[in-house]
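Peer 1: This is the structure I want to talk about, given as structure tokens.
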Number of protein chains: 2
Amino acid sequence: MTVTRIPGGVCAPKGFTAAGMHCGVRKNRSKKDIALICCETECSAAAVYTQNKVYGAPITVTRSNISDGKARAVICNSGNANTSNADGVEKAEAMCSLTAKALGIDPKDVIVASTGVIGQSLDLEPIAYGISELPKLLSKDGGEDAALAIMTTDTKVKQISFETEIGGKAVRFGAIAKGSGMIHPNMATMLSFITTDAAISPDMLSKALKAVVDDTYNMISVDGDTSTNDMVSVMASGLAQNPPIEAEGEDFEKFTLALLEIGNYMAPMIAGDGEGATKLLICNVAGASDVKTAKTLARGVIASSLVKSMFFGADANWGRLLCAMGYSGAEFDISKVGISMSSRAGSVKGVENGFCVPFSEEEAKKILSEDKITIDISLGDGEAAATAWGCDLTYEYVKINGDYRT
Amino acid sequence: MTVTRIPGGVCAPKGFTAAGMHCGVRKNRSKKDIALICCETECSAAAVYTQNKVYGAPITVTRSNISDGKARAVICNSGNANTSNADGVEKAEAMCSLTAKALGIDPKDVIVASTGVIGQSLDLEPIAYGISELPKLLSKDGGEDAALAIMTTDTKVKQISFETEIGGKAVRFGAIAKGSGMIHPNMATMLSFITTDAAISPDMLSKALKAVVDDTYNMISVDGDTSTNDMVSVMASGLAQNPPIEAEGEDFEKFTLALLEIGNYMAPMIAGDGEGATKLLICNVAGASDVKTAKTLARGVIASSLVKSMFFGADANWGRLLCAMGYSGAEFDISKVGISMSSRAGSVKGVENGFCVPFSEEEAKKILSEDKITIDISLGDGEAAATAWGCDLTYEYVKINGDYRT
């Protein structure tokens with residue numbers, strides 16, 4: 001599919017405005033800590049959530065609000081996850097009511113999210129102040145402020161926007177995301193808010209989102225931990241006036257590919273900006289008997305602490321890659337496994353037919369010293385393939401997480 | 001059961017001698033790298049192995065040799081895991097043949113183990129030299145040398161020996177172990193060689209070992225990774241002349257409790273000496289609906305990178321404990337969860353009825369700054385309990401594993 005990058009982030013699609021500001025949940029005044037994304041019309045809406053059994057109050061409230069497949073706004077604070085507090089649901093509902101009142105919409109049309117420390121009561125005073133000010137700041141230029149406001153230990157702003165064609169109409173997509181620590185496959189693993197002006201039914205929107213999240217956001221691993229609060233949501237305003245997508249077919253496929261474009265952009269962005277990361281790792285598994293096997297292996301390799309440490313040290317320890325495959329839980333024929341690693345600096349093969357083979361240590365060191373490394377695993381068991389994204393494990397990760405709250 | 005600590009390690013039980021020396025697998029001449037444990041008579045033998053699908057050649061050979069429930073010697077080198085090499089099985093079999101020839105026993109009575117780097121061909125020359133010298137060094141005082149020779153990045157020698165009473169006879173037990181990195185629950189997770197002079201059938205020996213490993217060695221997590229090579233073996237010489245244990249009953253129970261004594265000693269020893277660890281973490285889960293749930297939760301908490309990092313920083317982040325429980329995969333009623341943490345410095349409660357409650361940060365910091373910390377989780381769902389052992393995640397872990405091979 002052809003997409004044309006355009007500016008605007010979540011505000012690029014017709015109907016959307018956004019804003020971000022510092023309201024006071026965080027003490028650091030230079031860090032924006034509350035974001036609002038708003039649509040001038042009611043949107044089809046869908047979301048996927050963390051699979052952690054301990055999930056935040058915002059998840060409970062958003063799940064309920066979005067159950068009718070409709071939404072008009074996203075309100076999100078950073079600095080406090082509003083989770084594991086006795087009054088969490090009450091506070092999350094208050095965030096929706098305040099937002100609805102400020103925008104003149106229904107509280108049930110608000111998607112609410114929080115990210116930050118777990119288990120500390122959320123102070124509504126700065127939140128209420130922020131929600132009273134944000135509507136005045138809403139604009140078509142507010143996408144980046146919103147992206148900045150949802151960041152926690154992220155070091156880079158994560159946003160994308162582009163235009164493509166669906167049903168003969170120009171349709172726009174935008175997205176922001178936050179990632180960093182506590183990111184693990186097989187879950188809705190961070191916060192990402194997607195907007196589009198495509199016309200699509202809530203059911204088809206949900207179906208497209210689930211498929212794309214499974215192949216992208218859920219194939220990221222930073223530390224094997226899974227947050228209580230993370231979600232990916234999408235709102236579709238319909239203002240692009242394409243023939244509404246209400247069933248599978250060419251338009252639905254195009255729509256899904258557009259969401260995939262977002263997922264494929266955000267997954268490496270999030271993985272490469274993992275807490276303390278110095279390197280983005282991309283693991284491609286090909287020749288698997290089925291997609292589940294390919295995904296399990298790709299994620300197993302990316303999630304191994306020993307593998308992650310070895311990349312930090314640029315140490316071509318092929319045995320660790322085999323070892324991680326072995327305890328991933330996937331079934332495969334070890335005697336057919338081949339592994340090579342590559343980067344801008346070149347490519348090196350270290351495993352053939354399941355056994356380690358001689359390789360140039362010097363060349364491998366050069367290749368593994370780059371900041372973006374691809375691990376290619378071939379299985380020879382079938383046609384299925386998958387990709388997972390991760391990062392190295394560094395001193396800095398330990399430092400960040402040894403004293404996160406202070 | 002009453003046990004009396006005695007010296008001797010694996011040589012304490014009647015019939016056993018041991019030796020350890022530097023043979024040259026490792027370049028560092030001051031580090032012993034090959035160990036031999038030998039019994040003057042044929043022993044009942046049993047072992048449990050890594051559950052990694054990629055397992056070392058020594059595992060293949062030992063599994064075959066021990067299938068008749070009999071063994072007389074253990075040969076083990078450190079420095080090279082003899083795994084993922086095309087000629088691994090051939091080399092492991094050669095180690096058994098050389099040992100058998102040197103001792104005048106059957107090659108099928110040799111337990112062979114290797115630990116170290118994966119994927120580098122094992123040079124038999126130093127091994128052959130070592131095996132030719134070791135029989136001359138065998139003595140009742142050789143237990144510690146054997147313990148030293150199997151160490152890799154371990155910082156402490158791990159051995160235990162004691163005497164107890166079974167069937168009216170004094171029966172002795174000894175054990176050595178190596179641990180450090182790549183240690184994760186639910187697998188035979190490191191190398192440990194146990195000796196006893198109890199008389200017991202191979203079947204009952206295997207049954208007792210499996211039960212004990214499940215509750216002890218398999219409840220350790222250092223980094224969530226699982227080695228390709230690890231095993232726990234036990235040899236029983238029968239020279240204590242107790243009435244042979246051939247069925248369940250009081251004597252079998254006593255025997256199992258003696259093995260449990262070893263497991264309960266080695267598990268915290270291994271966890272607390274995890275790569276780069278500065279703190280031993282003990283997680284007790286009580287009030288679970290069943291043992292499986294209790295084990296899953298205890299291991300889930302101990303294995304979380306975020307939890308491990310928080311202990312390194314002595315940061316009482318209760319939400320991370322709840323979060324780790326939530327993605328452990330276990331079923332439990334979050335609304336009944338209570339969590340407290342304790343050490344020599346005192347005890348602090350931070351979670352009641354599933355919610356975080358106020359606590360003294362100052363007191364918590366003092367408690368978490370100790371080098372041995374217990375996490376007590378109560379569920380209120382039933383009567384089952386379990387304990388898991390782990391360690392903090394430190395800069396040093398990353399350093400050790402960033403450049404393991406050089």
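The values are calculated or read from the model by the stated rules, or taken from the named source; none is laboratory data. These figures come from a predicted structure and were not determined experimentally. Because the Cβ atoms are built from the backbone with ideal geometry, glycine has one as well, and the counts that use them run over all protein chains shown.
Peer 1: Looking only at residues that are within 12 Å of chain B (Cβ to nearest Cβ) and either in a strand (DSSP E or B) or aliphatic (A, V, I, L, M) (or both) in the stretch A:31-60, which one is farthest from A:Asp106 (Cα to Cα)?
Peer 2: Looking at residues that are within 12 Å of chain B (Cβ to nearest Cβ) and either in a strand (DSSP E or B) or aliphatic (A, V, I, L, M) (or both), I get A:Val54.
Peer 1: Of (1) in contact with a strand residue (DSSP E or B) (Cβ under 9 Å, 6 or more places away or on another chain); (2) modelled with pLDDT under 95; (3) of a type in the set (A, V, I, L, M), A:Ile400 satisfies all except one. Which?
Peer 2: (1)
Peer 1: For the stretch B:129-156, how many residues meet the condition of being farther than 14 Å from B:Asn77 by Cβ and at pLDDT below 95?
Peer 2: Counting residues in the stretch B:129-156 that are farther than 14 Å from B:Asn77 by Cβ and at pLDDT below 95 gives 4.
Peer 1: Within the stretch A:66-111, how many residues turn out to be among the basic types (Lys, Arg) and either surrounded by 24 or more Cβ atoms within 10 Å (Cβ to Cβ) or within 29 Å of B:Ser335 (Cβ to Cβ) (or both)? Talk me through it step by step, then tell me what you get.
Peer 2: So in the stretch A:66-111, the residues among the basic types (Lys, Arg) come out as A:70, A:72, A:91, A:101, A:108.
Okay, now just the ones that are also either surrounded by 24 or more Cβ atoms within 10 Å (Cβ to Cβ) or within 29 Å of B:Ser335 (Cβ to Cβ) (or both), so A:72, A:91, A:108.
Of the residues in that region, 3 qualify.
Peer 1: Separate question: Scan A:Thr153, A:Thr115 and give me the residue that is over 23 Å from A:Pro7 (Cα atoms), crowded, with 22+ Cβ neighbours inside 10 Å and within 14 Å of another protein chain (Cβ to nearest Cβ). First the steps, then the outcome.
Peer 2: Numbers: A:Thr153 fails: crowded, with 22+ Cβ neighbours inside 10 Å.
That would be A:Thr115, the only listed residue that is over 23 Å from A:Pro7 (Cα atoms), crowded, with 22+ Cβ neighbours inside 10 Å and within 14 Å of another protein chain (Cβ to nearest Cβ).
Peer 1: So which residues in the stretch B:158-190 are in a loop (DSSP other than H, G, I, E, B) and modelled with pLDDT of 95 or more, if there are any at all? Steps first, please.
Peer 2: Restricting attention to the stretch B:158-190, the residues satisfying the condition of being in a loop (DSSP other than H, G, I, E, B) are B:167-168, B:179-190.
Listed by number, the residues that qualify are B:Gly167, B:Gly168.
Peer 1: Same structure, new question: So, restricting to helices (runs of 4 or more DSSP H) that lie completely within the stretch B:248-336, which ones have at least 2 residues that are over 18 Å from the mean Cα position of the chain (by Cα) and within 14 Å of another protein chain (Cβ to nearest Cβ)?
Peer 2: On the way: elements: B:250-272, B:291-303, B:305-312, B:318-326.
Helices (runs of 4 or more DSSP H) meeting the threshold: B:291-303, B:305-312, B:318-326.
Peer 1: Suppose we keep only residues that are touching a residue at least 60 places away in the same chain (Cβ under 8 Å) and hydrophobic (A, V, I, L, M, F, W, C) within the stretch A:304-326. Which one would you say is farthest from A:Met341 (Cα to Cα)?
Peer 2: A:Phe312
Peer 1: Here's something else I'd like to know. Criterion first (under 12 Å from the mean Cα position of the chain (by Cα) and modelled with pLDDT under 95) does A:Asp225 satisfy it?
Peer 2: Details: under 12 Å from the mean Cα position of the chain (by Cα): no; modelled with pLDDT under 95: yes.
Criteria not met by A:Asp225.
Peer 1: Among A:Pro126, A:Pro135, which is surrounded by fewer than 24 Cβ atoms within 10 Å (Cβ to Cβ), touching a helix residue (DSSP H, G or I) at 6+ places or on another chain (Cβ under 6 Å) and assigned by TED's automatic domain parsing to the domain that holds A:Leu36?
Peer 2: Details: A:Pro126 fails: touching a helix residue (DSSP H, G or I) at 6+ places or on another chain (Cβ under 6 Å).
That would be A:Pro135, the only listed residue that is surrounded by fewer than 24 Cβ atoms within 10 Å (Cβ to Cβ), touching a helix residue (DSSP H, G or I) at 6+ places or on another chain (Cβ under 6 Å) and assigned by TED's automatic domain parsing to the domain that holds A:Leu36.
Peer 1: So which pairs qualify, if the first residue must be in the stretch A:2-21 and farther than 18 Å from A:Lys136 by Cα, the second must be at pLDDT 95 or above and among the β-branched types (Val, Ile, Thr), the Cβ gap must be under 6 Å, and the two must be at least 6 apart or on different chains?
Peer 2: Qualifying pairs under 6 Å: A:Val3/A:Thr164; A:Gly9/A:Ile176; A:Ala12/A:Ile6; A:Pro13/A:Thr195; A:Pro13/A:Thr196.
Peer 1: Report yes if some residue within the stretch B:131-139 is part of a loop (DSSP other than H, G, I, E, B) and either within 14 Å of another protein chain (Cβ to nearest Cβ) or more than 22 Å from B:Val232 (Cα to Cα) (or both); otherwise report no.
Peer 2: No, the stretch B:131-139 has no match at all.
Peer 1: Give the residue that is farthest from the other protein chains (Cβ to nearest Cβ), with candidates limited to residues of the stretch B:351-372 that are of a type outside the set (Asp, Glu) and assigned to a loop (DSSP other than H, G, I, E, B).
Peer 2: Narrowing the stretch B:351-372 to residues of a type outside the set (Asp, Glu): B:351, B:353-360, B:364-369, B:372.
Cutting the leftovers down to assigned to a loop (DSSP other than H, G, I, E, B) gives us B:353-354, B:357-360, B:369.
Values: B:Asn353: 8, B:Gly354: 7, B:Val357: 9, B:Pro358: 9, B:Phe359: 10, B:Ser360: 15, B:Ser369: 12 Å.
Top of the filtered list is B:Ser360.
Peer 1: So is A:Thr164 within 14 Å of chain B (Cβ to nearest Cβ) and buried (at least 17 other Cβ atoms within 10 Å of the Cβ) or not? Explain how you work it out, then say what you get.
Peer 2: Values: within 14 Å of chain B (Cβ to nearest Cβ): no; buried (at least 17 other Cβ atoms within 10 Å of the Cβ): yes.
It is false that A:Thr164 is within 14 Å of chain B (Cβ to nearest Cβ) and buried (at least 17 other Cβ atoms within 10 Å of the Cβ).
Peer 1: Might you let me know whether the stretch B:232-240 holds any residue that is within 30 Å of B:Phe312 (Cβ to Cβ), assigned to a strand (DSSP E or B) and touching a Leu at 6+ places or on another chain (Cβ under 8 Å)?
Peer 2: Within the stretch B:232-240, the first condition is being within 30 Å of B:Phe312 (Cβ to Cβ), and the residues that meet it are B:232.
Retained after the next criterion (residues that are assigned to a strand (DSSP E or B)): B:232.
Going one step further and asking which of them are touching a Leu at 6+ places or on another chain (Cβ under 8 Å), we end up with B:232.
Scanning the stretch B:232-240 turns up at least one residue that is within 30 Å of B:Phe312 (Cβ to Cβ), assigned to a strand (DSSP E or B) and touching a Leu at 6+ places or on another chain (Cβ under 8 Å).
Peer 1: Say we look at the stretch A:84-112 and pick out the residues that are within 14 Å of chain B (Cβ to nearest Cβ), part of a loop (DSSP other than H, G, I, E, B) and over 26 Å from the mean Cα position of the chain (by Cα); which of these is nearest to A:Lys136 (Cα to Cα)? Working first, answer last.
Peer 2: Restricting attention to the stretch A:84-112, the residues satisfying the condition of being within 14 Å of chain B (Cβ to nearest Cβ) are A:84-91.
In the following step, the residues that additionally are part of a loop (DSSP other than H, G, I, E, B) were identified as A:84-87.
Remaining after also requiring over 26 Å from the mean Cα position of the chain (by Cα): A:86-87.
Details: A:Ala86: 32, A:Asp87: 29 Å.
Among residues in the stretch A:84-112 that are within 14 Å of chain B (Cβ to nearest Cβ), part of a loop (DSSP other than H, G, I, E, B) and over 26 Å from the mean Cα position of the chain (by Cα), the one nearest to A:Lys136 (Cα to Cα) is A:Asp87.
Peer 1: Hey, another quick one. Could you tell me whether any residue of the stretch B:34-49 is charged (D, E, K, R) and out of contact with any Ser or Thr (no Cβ under 8 Å at 6 or more places or on another chain)?
Peer 2: Kept after step one, since they are charged (D, E, K, R), are these residues of the stretch B:34-49: B:40, B:42.
Among the residues that remain, those that are also out of contact with any Ser or Thr (no Cβ under 8 Å at 6 or more places or on another chain) are: B:42.
Yes: the stretch B:34-49 contains one or more residues that are charged (D, E, K, R) and out of contact with any Ser or Thr (no Cβ under 8 Å at 6 or more places or on another chain).
Peer 1: Quick one: which of B:Asn65, B:Asn77, B:Asn28 is assigned to a loop (DSSP other than H, G, I, E, B) and assigned by TED's automatic domain parsing to the domain that holds B:Leu137? Outline the logic, then answer.
Peer 2: Working: B:Asn65 fails: assigned to a loop (DSSP other than H, G, I, E, B); B:Asn77 fails: assigned to a loop (DSSP other than H, G, I, E, B).
The unique qualifying residue is B:Asn28.
Peer 1: Might you check whether a residue that is modelled with pLDDT under 95, more than 19 Å from B:Ser328 (Cα to Cα) and not basic (Lys, Arg) occurs anywhere in the stretch B:378-392?
Peer 2: No, the conditions are met nowhere in the stretch B:378-392.
Peer 1: When you go through (1) surrounded by 17 or more Cβ atoms within 10 Å (Cβ to Cβ); (2) modelled with pLDDT under 95; (3) among the hydrophobic types (A, V, I, L, M, F, W, C); (4) farther than 30 Å from B:Met310 by Cβ one by one for A:Met341, which number turns out not to apply?
Peer 2: (2)
Peer 1: If you don't mind, another one. Determine which member of the set A:Thr196, A:Thr216, A:Thr228 is without any contact (Cβ under 8 Å) to a residue 60 or more places away in the chain and surrounded by 24 or more Cβ atoms within 10 Å (Cβ to Cβ). Working first, answer last.
Peer 2: Working: A:Thr196 fails: without any contact (Cβ under 8 Å) to a residue 60 or more places away in the chain; A:Thr228 fails: without any contact (Cβ under 8 Å) to a residue 60 or more places away in the chain.
The match here is A:Thr216.
Peer 1: Kindly check whether there is at least one residue in the stretch A:381-403 that is in contact with a Cys (Cβ under 9 Å, 6 or more places away or on another chain) and outside any strand (DSSP E or B). Write out each step before concluding.
Peer 2: Residues of the stretch A:381-403 in contact with a Cys (Cβ under 9 Å, 6 or more places away or on another chain): A:386-390, A:397.
Within this subset, residues satisfying the condition of being outside any strand (DSSP E or B) are A:397.
The answer is yes, given that some residue of the stretch A:381-403 is in contact with a Cys (Cβ under 9 Å, 6 or more places away or on another chain) and outside any strand (DSSP E or B).
Peer 1: Another one. Of the conditions (1) in contact with a Phe, Trp or Tyr (Cβ under 9 Å, 6 or more places away or on another chain); (2) closer than 25 Å to A:Asn353 by Cβ, B:Ser114 satisfies every one except a single condition; which number is it?
Peer 2: Here B:Ser114 meets the rest and fails (1).
Peer 1: Given the conditions (1) assigned to a helix (DSSP H, G or I); (2) within 26 Å of the chain's Cα centre (by Cα), and given that A:Ala128 satisfies all but one, which numbered condition is not satisfied?
Peer 2: Condition not satisfied by A:Ala128: (2).
Peer 1: Do the conditions hold for A:Ser233, that is, is it buried (at least 24 other Cβ atoms within 10 Å of the Cβ) and within 14 Å of another protein chain (Cβ to nearest Cβ)? Write out each step before concluding.
Peer 2: Numbers: buried (at least 24 other Cβ atoms within 10 Å of the Cβ): yes; within 14 Å of another protein chain (Cβ to nearest Cβ): no.
Taking the combined requirement at face value, the residue does not satisfy it.
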